[in-house]
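**Student:** Please see the structure below; I have some questions.
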Amino acid sequence: MGAAIAEELQGLVKRPVRVNEPMSRHTTFRVGGPADYFVEVESVSQLSSVIRYAISRNLPCMTLGSGSNLLVRDGGLRGIVLSLAGEFKNIQLTRLGARAGSGARLSLLVKKCAEAGLSGMEILAGIPGTVGGALIMNAGTRLGEIKDILENVSFVLSDGRPKTLNRKDISFDYRKSLFPEGSILVEAAFGLKPQAPSVIMNRIRQALQRREKTQPVSERNPGCIFKNPPGDSAGRLIEQAGLKGRRVGAAEISRVHANFINNLGRARARDVLSLIEEIRREILQRFGVRLEMEVKVIGEP
Ligand code: EPU
């Protein structure tokens, strides 16, 4: 059964289809069990045909960005995991804006806009991940969120049909967006302003330096674990509770920023999840605050 599906999928795409692909290879946390079928699509037509195939076989199908902000459980993912390559990584600059494929690296887009003298995108400097992932999470920094510079987004609906929506017709919130259920983002257009490249580059350098000082950027982690509670900082609360350095297995609360959990070696998702539960319990008891997850937890136990 598995081999037949892999073969049929291989008929739809050019890049090699991988069976039982460990998700620890595809997440910045380096944690996660295997995906049944790991499929890289390079064009919208390949994407649509894989979606239609998944529907016909009743296989679950999800899209992976660069694997940041994600915790995949140890049992892995059933069905198809799509990775967006080829034309999904395109970046095109215009006089007053940029168009980027959802699979493009956000950091590359930030850099290209700065070099071209287009200002606005630099508010996102330092955020890991892809353009698509950043849109779904409404990623942001203290300087703003991706929704602030967005003009429109094109995507493929869960039945394979294409659609484009303007910014004003998409609802965004703190680390949250509401795209139609099951849709896959294809590309987005952003509105930017002319500015001297050196000025933009300076802002980026400052943001990256600040991030490097305050966050464990070169460790294996998914980014901030919890959303900030209204008016406060999850990192501050966790530090105040004396939890920095707390460990379960190879999962450790960062000593640099307490809203990060680092994978020190071969951490399992179950270790990370029990550390997360410990933090939530402690913060609720001490401060009466219920911390909400920012990192998306998916897959089977
Ligand atoms: N703080 C502590 N101890 C810590 C961490 C932070 O006391 O261990 C204090 C800091 O001293 C500061 C306050 O908490 O007074 C806020 O900390 P910081 O400026 O580092 O920002 P943050 O609120 O913790 C948010 C975003 C980050 C984003 C930064 C910078 C969330 C959950 N976090 O962090 O986003 O990089 O601002 O813009 O919204 C992410 O989304 O994955 C993420 C890391």
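**Student:** Tell me which of these Ala104 doesn't satisfy, since it passes every other one: (1) within 16 Å of the ligand (Cβ to nearest atom); (2) under 15 Å from the mean Cα position of the chain (by Cα).
**Tutor:** Of the numbered conditions (1) within 16 Å of the ligand (Cβ to nearest atom); (2) under 15 Å from the mean Cα position of the chain (by Cα), the odd one out for Ala104 is (1).
**Student:** Let me ask something additional. Any chance you could count how many residues in region 181-198 are among the acidic types (Asp, Glu) and either under 15 Å from the mean Cα position of the chain (by Cα) or surrounded by 16 or more Cβ atoms within 10 Å (Cβ to Cβ) (or both)?
**Tutor:** Residues that pass the stated criteria total 1.
**Student:** On the given criteria, is Glu122 outside any strand (DSSP E or B) and touching a residue at least 60 places away in the same chain (Cβ under 8 Å)?
**Tutor:** So Glu122 fits the description; yes.
**Student:** Could you check how many residues of region 215-244 are without any contact (Cβ under 8 Å) to a residue 24 or more places away in the chain, within 24 Å of Thr27 (Cα to Cα) and small (Gly, Ala, Ser)?
**Tutor:** Qualifying residue count for the region: 1.
**Student:** Quickly run through region 245-282 and pick out the residues that are touching a residue at least 60 places away in the same chain (Cβ under 8 Å) and over 18 Å from Asn69 (Cβ atoms).
**Tutor:** Arg268, Arg270
**Student:** To continue, here is another question. Do we find a residue being away from the ligand (no atom under 16 Å from the Cβ), over 19 Å from the mean Cα position of the chain (by Cα) and over 28 Å from Tyr53 (Cβ atoms) anywhere in region 67-78?
**Tutor:** no
**Student:** How do the pairs read when you match residues in region 141-154 that are closer than 19 Å to Thr214 by Cα with residues anywhere that are more than 14 Å from the ligand (Cβ to nearest atom), using Cβ under 9 Å and keeping only pairs 6 or more apart or on different chains?
**Tutor:** Here the result reads Gly144/Gly120, each pair linking region 141-154 to a residue that is more than 14 Å from the ligand (Cβ to nearest atom).
**Student:** Additional query: Identify all residues within region 252-279 that are more than 17 Å from Ser24 (Cα to Cα) and surrounded by fewer than 17 Cβ atoms within 10 Å (Cβ to Cβ); write none if there are none.
**Tutor:** Arg255, Val256, Ser274, Glu277, Glu278
**Student:** Something else about it: May I ask you to say which residue of Gly249, Gly299, Gly245, Gly231 is at positive phi, surrounded by fewer than 18 Cβ atoms within 10 Å (Cβ to Cβ) and in contact with a strand residue (DSSP E or B) (Cβ under 7 Å, 6 or more places away or on another chain)?
**Tutor:** Gly245
**Student:** Please return the ranges of strands (runs of 3 or more DSSP E) entirely within region 16-94 where 3 or more residues are buried (at least 18 other Cβ atoms within 10 Å of the Cβ).
**Tutor:** 34-41, 61-64, 70-72, 77-84
Read-outs: derived from the displayed coordinates by stated rules, not from any lab. In this text, all values refer to a predicted model and were calculated from it rather than measured experimentally. When we count neighbours, we look across all protein chains shown, and the Cβ atoms used for this are built from the backbone with ideal geometry, even at glycine.
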